[in-house]
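The values are calculated or read from the model by the stated rules, or taken from the named source; none is laboratory data. Remember, predicted model here, so these are calculated numbers, not experimental data. A quick note on method: Cβ atoms are made from the backbone with ideal geometry, for glycine too, and the neighbour counts reach across all protein chains shown.
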Amino acid sequence: MEKNNDVNEKRCALCNKPYNYKYKMFGRGCLDNLYELLEISKPPKFIWNKETYLCTRIAWKNHKFFLNKNKKYALTQKYIALNYLNRMNCKFLDDIKEEISKDIKNISVFSRNIIDSISFKLNDIYKLFNDAQRFNEIIKDMQNITWEEVDEKIAENFIKSISFIFNITKKTNPISYAVFYSMQYTFWQIVVIGGMLKDKKLSAILLSNSLSLPGIKPKDLILQDSLTDKLLKDSKVFNETIKELIEKYGKEREMFDLKDYEKNGVLLKFEGGDLLYSLHKATMFVKARKNEDNTWNLEGDINDKYDFTEFKDLNEYADNKEEVLTDMLSTLLNNFGVVSSEYGVIKTYNVKIKFEFSKYKIK
Ligand SMILES: [Zn+2]
């Protein structure tokens, strides 16, 4: 007999596997596990229906007595859901857990109907719990990686193994949204900022600023320090652009303000490394004044919108050769970044890098 198409086929509310035992909600394996999970001692031998016994014990634990069957089943599902959510240790779930707790409180002998402020399928919660467990395992391993030394293939496999957390379909449900938001947030904080970007300090600062908590807009950033100074002075693109501008506007003048000639500034497309990962379509303004020794005093700023979705252009002009992880970063991480932008984990803001160089020599 073909059982798969049977409309009356019972599926376990927790694991969704078919079962044909007398229980109403759970298969026998899951029921056994639930006793353990909820720390309820196993029923004595003479108890005929171990499922209703579990429901009764859960009701007692919640100080609820004389509930009818429907209420007991509803309470059990909510109680188990809450238990799994608590085990996920995710602060973004706090509001949802509170709602479920309230719904649990509202179940009583006298309550008219069962309130579902948060509706869920126990199986979805169970799957989320397993996703969170899997994520924790992978992230633990990833924290032990030295990204500068690791073989590219191994690094790529690690990153691929975690790609399941960048699942856009989980965004629509508030519970899975909270869990996936939290996993992505942790990924960017721990793996990317704490590991992969260790040698790209500016990128780490910018990404870090974009990861604000849910509902909070990141601050715009204005940066000017030894880090940004050094990055600019070492940048071929920066130096060549300054040289071109001085040849163009500084030949017949002792000083010029680029704004007077190009009101939109000039576009900088950085050649690689930290600046490339930080700034994608940066616009520069500069004022230059010539010194008697033919050096120049420069004062200016570079402006960009921190927007991960622009990472998709990176492949087009990135010179990957010198950096092992560049290629992987610019493909897999781009895609992750786009998804995290959709989730609102990575947020957009404006960046300004100011610089003031005196006695700058044209090379
Ligand atoms: Zn099951």
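Below is a table of values for the structure above.
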{"quantity": "Residue list for region 144-163, filter: touching a Phe, Trp or Tyr at 6+ places or on another chain (Cβ under 8 Å) and surrounded by fewer than 16 Cβ atoms within 10 Å (Cβ to Cβ)", "calculated": "I145, S163"}
{"quantity": "Answer residue from region 12-28, given it is crowded, with 17+ Cβ neighbours inside 10 Å and either away from the ligand (no atom under 13 Å from the Cβ) or of a type outside the set (A, V, I, L, M, F, W, C) (or both) and is nearest to A59 (Cα to Cα) among those", "calculated": "Y23"}
{"quantity": "Test result for E9, within 39 Å of the chain's Cα centre (by Cα) and away from the ligand (no atom under 16 Å from the Cβ)", "calculated": "no"}
{"quantity": "Residues of region 29-54 satisfying the condition of being away from the ligand (no atom under 16 Å from the Cβ) and part of a helix (DSSP H, G or I)", "calculated": "T52, Y53"}
{"quantity": "Where F256 falls short, out of the listed (1) assigned to a helix (DSSP H, G or I); (2) over 28 Å from the mean Cα position of the chain (by Cα)", "calculated": "(1)"}
{"quantity": "Test: I40 is at pLDDT 95 or above, surrounded by 15 or more Cβ atoms within 10 Å (Cβ to Cβ) and among the β-branched types (V, I, T)", "calculated": "yes"}
{"quantity": "Enumeration of residues in region 82-109 that are part of a helix (DSSP H, G or I), of a type in the set (A, V, I, L, M) and within 22 Å of H63 (Cβ to Cβ)", "calculated": "L82, L85, I100, I104"}
{"quantity": "I80 in contact (Cβ under 8 Å) with a residue 12 or more places away in the chain, more than 16 Å from the ligand (Cβ to nearest atom) and crowded, with 17+ Cβ neighbours inside 10 Å", "calculated": "no"}
{"quantity": "Count of residues meeting criterion [in contact (Cβ under 8 Å) with a residue 40 or more places away in the chain and not aliphatic (A, V, I, L, M)] in region 247-268", "calculated": "1"}
{"quantity": "Single residue of L314, L333 found to be of a type in the set (A, V, I, L, M) and at pLDDT below 70", "calculated": "L314"}
{"quantity": "Filtered residues of region 157-177 (kept if within 30 Å of D116 (Cβ to Cβ) and part of a helix (DSSP H, G or I))", "calculated": "F164, I165, I168, T169, K170, K171, P174, I175, S176, Y177"}
{"quantity": "Subset tally (residues that are in contact with a helix residue (DSSP H, G or I) (Cβ under 8 Å, 6 or more places away or on another chain) and within 22 Å of N86 (Cα to Cα)) for region 28-60", "calculated": "12"}
{"quantity": "Some residue of region 56-74 being within 26 Å of S176 (Cα to Cα), within 16 Å of the ligand (Cβ to nearest atom) and not hydroxyl-bearing (S, T, Y)", "calculated": "no"}
{"quantity": "Region 202-251, subset among the aliphatic types (A, V, I, L, M) and in a loop (DSSP other than H, G, I, E, B), residue surrounded by the most Cβ atoms within 10 Å (Cβ to Cβ)", "calculated": "L211"}
{"quantity": "Residues of region 122-142 that turn out to be out of contact with any helix residue (DSSP H, G or I) (no Cβ under 8 Å at 6 or more places or on another chain) and touching a residue at least 24 places away in the same chain (Cβ under 8 Å), as a count", "calculated": "1"}
{"quantity": "Checking I145 against (1) β-branched (V, I, T); (2) within 26 Å of C15 (Cα to Cα); (3) free of Cβ contacts under 8 Å to residues at least 60 places away in the same chain, the condition it does not meet", "calculated": "(2)"}
{"quantity": "Positions within region 95-142 being of a type in the set (A, V, I, L, M), modelled with pLDDT of 90 or more and farther than 21 Å from A13 by Cβ, in sequence order", "calculated": "I138, I139"}
{"quantity": "The listed residue being surrounded by 14 or more Cβ atoms within 10 Å (Cβ to Cβ) and in contact (Cβ under 8 Å) with a residue 24 or more places away in the chain, out of I168, I100, I118", "calculated": "I118"}
